[in-house]
Structure formats: structure tokens, C-alpha cells
């Protein structure tokens, strides 16, 4: 049974990566050199990053919290029973998008400055970026109780 599901799309990140892929590819398009091949490889890597990180979906179902990026290749799952506490937080702009180690633990984020900090019973910390921090906190607290 799904208790909570919310998806946030990283529109700015998608556009930045797409423009970067286009700029790198078109900058060397008419050159016949190894630089052209390298540029095309870099552009393809940017496009792959779009597919992998374009959205973050957070679900709570069957007593498991799952945060998955893009098409679901990268995900973080944890049992709700291991969560000791959670709270909405504001993250710093320089933490960026993607997966990063921050003072609030590992941050999983695709857009914005809002997140939910989660502390596990063993002391490990995570933060999941979301544009619905209050809804996610309420769903986690309901699942814990």
C-alpha cells in the first residue's frame, strides 16, 4: 500500500545539461580531429546525466522509504522502522543537485532549496530534496507511528 508518493522534476538542471551538451557538441562539430570525438563523448555523458537525474521520486510503501532518481537506476531505500527523526530544512545553494555529502548527511536533490533531514536510529543522516517538505515529514511521521 502506497502511503506517500511525490515526484519533483529538475527543470533547471535538465536545461543546463542540455544546453551544455549542445554547446560542447556544436563547438567542435566541423573539426576533423580527436577533439571532436571527445566533445561528442562529453555531450553524450551530459545527455545520460539528464536521463539518470531529471527527477526525484520519493515513495513510502510497505514500510520502506525510497528515493529514486530519473528512470530508477539510482535509488536509496531504507526501512521506515530505522528512522529516529525527520525535519524540514533549507539547504545551501552551493550543495547543488545530485548526490552530495553535506553537514546534514548525504543529500539527494534535483532542484530547489527545501529538503527533509532524516536521522536513523544508528546515527546516520540523510537529506532528501523535495518541494513538499511538510507533506513528506507528515508521511514519515505517520509511517513511524
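Taken over region 82-132, the criterion of being modelled with pLDDT of 90 or more, within 21 Å of residue 144 (Cα to Cα) and not in a strand (DSSP E or B) is satisfied by 82, 121, 122, 123, 124, 130, 132. Per the conditions (1) out of contact with any strand residue (DSSP E or B) (no Cβ under 6 Å at 6 or more places or on another chain); (2) under 16 Å from residue 130 (Cβ atoms), the sole criterion not satisfied by residue 68 is (1). Just one of the numbered conditions (1) in contact with a strand residue (DSSP E or B) (Cβ under 9 Å, 6 or more places away or on another chain); (2) more than 17 Å from residue 131 (Cβ to Cβ) is not true of residue 88: (2). Selection of region 62-81 for residues being surrounded by 14 or more Cβ atoms within 10 Å (Cβ to Cβ) and either outside any strand (DSSP E or B) or not assigned by TED's automatic domain parsing to the domain that holds residue 121 (or both) yields 70, 80.
The values are calculated or read from the model by the stated rules, or taken from the named source; none is laboratory data. Bear in mind that the values here come from a model prediction, so they are computed numbers and not experimental data. Because the Cβ atoms are built from the backbone with ideal geometry, glycine has one as well, and the counts that use them run over all protein chains shown.
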